[in-house]
1. Return the Rg/Rh ratio of region B:47-188 with Cα-based radii and a Kirkwood Rh.
2. Using a Förster distance of 35 angstrom, determine the FRET efficiency expected from the C-beta separation of residue A:112 and residue A:180, and round it to 0.05.
3. What spacing in nm lies between the two simple spin-label points modelled at residue B:130 and residue A:9, each 7 Å away from Cα in the Cβ direction?
4. Sort the following peptides by mean Cβ neighbour count (other Cβ atoms within 10 Å, averaged over residues), highest first: A:197-210, A:38-51.
5. What distance in nm lies between label points placed 7 Å from Cα along the C-beta direction at residue B:9 and residue A:257?
6. Rounded to the nearest 500, what is the 222 nm mean residue ellipticity of chain B from helices alone, with -39500 (n - 2.57) per DSSP H run of 4+ residues and division by all residues?
7. Return the average number of partner chain Cβ atoms within 10 angstrom of each residue Cβ along peptide A:72-83.
8. Determine the shielding of peptide A:95-104 by partner chains: average, over its residues, the number of Cβ atoms on other chains within 10 angstrom of each Cβ.
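What follows draws every value from the coordinates through simple rules; no lab data is involved. Quantities reported herein were computed from a predicted structural model and do not represent experimental measurements. No Cβ is skipped: glycine too gets one built from the backbone with ideal geometry, and neighbour counts run over all protein chains shown.
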């Protein structure tokens, strides 16, 4: 990767006895969307807070747009936007007043702050509500204003901490549209989310975080490929379960899981097995099938596999 | 360094403008802040005042008004605490901190805005006072000096408010601790002379910074004030005492507030 715009190396942070980050590594390419994905308490928000200069790391190093987040915090602040869970707008002001105020605080001259506010309101369809007090906004509108407020100075990197948590599907789509537009402009986005479909839809690169560490990273497709595809066969005759299992083990070279009465599932590496070959083989052996399919795993499966907890494993064992 | 200072000042002004925006968008609050002083004058001037005699004679409402000026000044600390706690609790503060806003600008903005609000509520109280017969008697300079002392003390206290707001960090807690300000204003010479209090309470009252300010105002306005010889030092020399108390409050709370603001990085 050439010159990542966000670079995190071995970052540690603890609050009292809680280790929020234990050696997080991260590299984000300029102009991409990186989805930071992880269960609650994985350290996603802490990572964003350190990168946005709101929290000091205990150890390790992070740079944003080439500036160290600790030593050059002011330079970082000039290049970033932050929205989501931990950023907010003033509810007692109108949307327009909020944007003008943030513009002034970003040291835009008065006239520039005004025109920038109007421009953003126009572009993100908030002009109609612009002169209403934010307290009267819907949840989706407020979140949109929150995101817009972080765009005043056209940040090089935008941090969105769970921007759609708690929103209805329509508001969520609005935020997604808003993000796609930003990315089209070339803004780098670091998005934390618990929603896999959100990461799947928007992110070029997904980093799965658990226990304060990055445990996997790649494009959504690459991550799905790490646990491979599965070949699912449903037999027409349950009696053929055993011979069919042997046959499939032979063809694919891996151990099939049989789920009586009539289902067999085999993990396969991508492109290693031709569906036609499998069907022919079963046909030659005189085994009739009701259904054969190669199935890509969902990001949910990847996520669950990667973040499996001991408690979850115990549960499996009991079952 | 000078550019930094200039930005800190400019950012502070922007944040003062924000508070003005609040008042403009919520005129209901303005009405509320007009009614409160009127009610105080009514309650203390006429209800309690009808039963309280000023030692050495004099009109109780003339005696009372400096106390009420001080009361609205001191209770102003609650407004600042509330604003700060709300900003901290709702994440507005995080946004400020992730922007290239000068670190000192945000506390300067809060406390600067409070001066404006203080002038406004004092003005309201003055109008109420004039209506019920209170008058300053010592000329323009002394009168302005009294309002200067009130403003200074309010400013010092608003830093205490910033510190408190940053410590509690949520508006509900702030709301619960607020009534604690009232005893501070009551255990003093605000409403009744200290001479009749039990000895320990009298000592507490006379050394209460509130009392020094009230006495200073009475002196500067030429309103009735007890001139006993056995008064504690702050009441015998209320003007230097008030200046001293203000400086002490500033010296304590400015660093505490700034430190709490910086440390709020969680």
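1. 1.07
2. Once the sixth-power term is evaluated, E becomes 0.85.
3. Label-label distance for residue B:130 and residue A:9, simple model: 6.9 nm.
4. Highest to lowest by the protection proxy: A:38-51, A:197-210.
5. With each label point 7 Å from Cα toward Cβ, the separation is 7.0 nm.
6. Using -39500 (n - 2.57) per qualifying helix, the result is -24500 deg cm²/dmol.
7. Averaged over the peptide's residues, the number is 3.
8. Averaged over the peptide's residues, the number is 3.
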